[in-house]
Each structure stands twice: as C-alpha cells, then as structure tokens.
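Novice: Quick one: this structure, given as structure tokens, is what I'll be asking you about.
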Amino acid sequence: MRVFEDLGRKKVVLGMVHLGALPGTPFYADGSYEAVRDKAVRDARALQAGGADGCVVQNAGDRVFAIDHADPVVIVAMTDIVRAVADAGPRVLDMHAKDLRDLSAVESQCIVGEGKIPIAAIFRQLEAIRYGGFVNLEYEIDADNPMPGMKQSFAYMRGVLAGLG
C-alpha cells in the first residue's frame, strides 16, 4: 500500500536508475535490450531494499539529446522499462506529463490532450497501481505567454481524472 501523507512533511530519499543505451540511440548494441531492462529492475529493487523512498529512471547518459528527433522506439523502450520498475515495487513517487504532436519530434510539444501521447491510458494505469504521487506538467512551449496553454493542459488532465472517478 502506498502511503504519501508524509510527503512535504519529511525528507524523502530518491535513488537514480541509470539506463544503458536503448534501441534507437547512438550507442545501442543490438541484442542488449533485455540486459538493460533486467539491470534497471534489479537496481530499482536494490534501491527499495536499501530503504529508498522511490526512484527516478533516466537515460541522459545515452546521448539521446544529441539527436534532433526522439525515435519512437526510444519512447517505447523507456515506457516498458518504467512499467517493469513500477511492477517491481510500490515506489513510484513522481511523474512528468507533456504531449507531442509527432512522437518522433521533440520540438512538436503541444498542449496536453492535443497530441499523440496516450494521457488517459497513462492515468488509467496510474490509477490501477494506486499511484498517490504527483503529476507534474512539463510545458516548454509558448515562452512569451505560457499560461493559456498550461491552463488548457491542466484542464484536460483534470477532465481525464474526473472521468476515472
């Protein structure tokens, strides 16, 4: 069971699960995906066993930011690994949400609900695992006037949540 009443009232310890190179990225070695996934799950379990309150999964060392477009296979691989980590234990504490019109183009970010990321399905999965943490909006567009798009994004996410209840 997830207990989050202490969030904001006590310090939490988060560990970092660093992924090896993923399919679709410059340093990926053919056939190594299962090993990368298995290591991520082992690392998450070790963090949990060691007393960490949660973990963050990242692949920043994979040089994915050196390419102009996010290959959909990278998104699928990250999703699969994060799901496996979530299945490994009740330690998901944080989630970031954004939307993209084109899953292969990072620069196609749009108002949440207007793109192709399955926000409603993700929220249903969060509900299924009894997620009690935060969903943080990542809104990196419309720098001169971000509030209207942010408000629309929050309204969409609140509407999805209302439909789940």
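Novice: When you look at ALA49, is it assigned by TED's automatic domain parsing to the domain that holds ARG124, of a type in the set (A, V, I, L, M, F, W, C) and at pLDDT 75 or above, yes or no?
Specialist: Working: assigned by TED's automatic domain parsing to the domain that holds ARG124: no; of a type in the set (A, V, I, L, M, F, W, C): yes; at pLDDT 75 or above: yes.
When the stated conditions are applied, ALA49 does not pass them.
Novice: Based on what the data block shows, is ALA35 farther than 19 Å from GLU138 by Cβ, surrounded by fewer than 14 Cβ atoms within 10 Å (Cβ to Cβ) and modelled with pLDDT of 85 or more?
Specialist: Details: farther than 19 Å from GLU138 by Cβ: yes; surrounded by fewer than 14 Cβ atoms within 10 Å (Cβ to Cβ): yes; modelled with pLDDT of 85 or more: yes.
It is true that ALA35 is farther than 19 Å from GLU138 by Cβ, surrounded by fewer than 14 Cβ atoms within 10 Å (Cβ to Cβ) and modelled with pLDDT of 85 or more.
Novice: Next question, about the same structure. Name every residue in the stretch 17-52 that is closer than 20 Å to ILE75 by Cβ and touching a strand residue (DSSP E or B) at 6+ places or on another chain (Cβ under 8 Å), in order of residue number.
Specialist: The answer is VAL17, HIS18, LEU19, ALA40, ALA44.
Novice: If we scan the stretch 95-118, do we find a residue that is touching a residue at least 40 places away in the same chain (Cβ under 8 Å) and within 22 Å of ARG37 (Cα to Cα)?
Specialist: Checked the stretch 95-118: at least one residue is touching a residue at least 40 places away in the same chain (Cβ under 8 Å) and within 22 Å of ARG37 (Cα to Cα).
For every residue, the table says whether it meets (1) modelled with pLDDT of 90 or more; (2) within 25 Å of ALA44 (Cα to Cα); (3) assigned by TED's automatic domain parsing to the domain that holds VAL56; (4) within 14 Å of the chain's Cα centre (by Cα).
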| site | (1), (2), (3), (4) |
| --- | --- |
| ILE111 | yes, no, no, no |
| ILE119 | no, yes, no, yes |
| ALA128 | no, yes, no, no |
| TYR131 | no, yes, no, yes |
| PHE134 | no, yes, no, yes |
| ASP142 | no, no, no, no |
| MET147 | yes, no, no, no |
| GLY165 | no, no, no, no |
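Novice: Restricting the stretch 100-118 to residues that are assigned to a helix (DSSP H, G or I) and of a type outside the set (A, V, I, L, M), which is surrounded by the most Cβ atoms within 10 Å (Cβ to Cβ)?
Specialist: SER108
Novice: Examine the stretch 82-98 for a residue that is outside any loop (DSSP other than H, G, I, E, B), in contact with a Lys or Arg (Cβ under 7 Å, 6 or more places away or on another chain) and either at pLDDT below 85 or under 30 Å from ASP43 (Cα atoms) (or both), and state whether such a residue exists.
Specialist: Pass one, the stretch 82-98, residues outside any loop (DSSP other than H, G, I, E, B): 82-88, 94-97.
In the following step, the residues that additionally are in contact with a Lys or Arg (Cβ under 7 Å, 6 or more places away or on another chain) were identified as 84, 88.
Now drop any that are not either at pLDDT below 85 or under 30 Å from ASP43 (Cα atoms) (or both), which leaves 84, 88.
So far as the stretch 82-98 goes, yes, one or more of its residues are outside any loop (DSSP other than H, G, I, E, B), in contact with a Lys or Arg (Cβ under 7 Å, 6 or more places away or on another chain) and either at pLDDT below 85 or under 30 Å from ASP43 (Cα atoms) (or both).
The values are calculated or read from the model by the stated rules, or taken from the named source; none is laboratory data. Not measured: the values here are computed from a predicted model. Here the Cβ is made from the backbone with ideal geometry for all residues, glycine too, and neighbour counts use every protein chain on show.
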